[in-house]
Amino acid sequence: METLISVFSVSSVDFVKGFLMGLCLSAIACFYFCKWFVKYINRQSELLLNSHKDMYKERTQELKDLLERQKSIYETQRHIQATNDAAASAGLLKL
């Protein structure tokens, strides 16, 4: 039993060295993980921004098309009204 304890016993200096080495490895791993995570977040943000820009362009084009259509309808209505007014004036003059 004593030999088993002496085999697994660790001096305090070795314990501190191992602890510090583990702490340093954890810090290095944390640093690289954070670096990767920041790149990942930046990439996702860039993709999201680009998709929003594309949606904005599409929506802007749809609104421009709708405005052109409304202008065409308005011009047609004005032409019909002018024709009706001219026909009414001509009808009044014949009376």
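The values are calculated or read from the model by the stated rules, or taken from the named source; none is laboratory data. All values derive from a computational prediction rather than experimental measurement. Cβ atoms come from the backbone with ideal geometry, glycine included; neighbour counts cover every protein chain shown. Surface areas here come from the heavy atoms of the whole protein model, side chains and all, with no ligands, DNA or RNA. Shrake-Rupley method; radii C 1.70, N 1.55, O 1.52, S 1.80 Å.
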### Summary
Computed, not fitted: 222 nm per-residue ellipticity of the chain from DSSP H runs ≥ 4 (each -39500 (n - 2.57)), nearest 500, equal to -35500 deg cm²/dmol
### Task
Work out, step by step, the length gained on full extension between Tyr56 and Trp36: first 0.36 nm times the residue separation, then minus their alpha carbon distance; give nm to one decimal.
4.2 nm
### Task
Return the single residue from Asn42, Asn84, Asn50 with maximal mean-square fluctuation; model: Gaussian network over the chain, springs between Cα atoms under 10 Å.
Asn84
#### Entry: Per-pair calculated FRET efficiency, R0 = 35 Å: Ile28 and Glu68 via Cβ, rounded to 0.05
0.05
### Message
What are the extents of the Cα atoms of region 18-80 along their three principal axes, in Å, largest first?
### Response
92, 9, 5
#### Entry: lysines with Cα under 29 Å of Lys53, excluding same-chain neighbours fewer than 8 positions away
Lys35, Lys39, Lys64, Lys71
### Message
If you fit an axis through the alpha-carbon atoms of helix 12-94 and take the longest principal axis of the Cα set of the chain, what angle between them do you get, 0 to 90°, nearest 10?
### Response
0 degrees
### Query
Where only protein heavy atoms count, and the probe is 1.4 Å, what is the accessible area per residue for region 16-58 in Å²?
94 Å²
### Task
Can you spot the aspartates and glutamates whose alpha carbon is less than 16 Å from Lys57's alpha carbon? Ignore those fewer than 8 places along the same chain.
Asp65
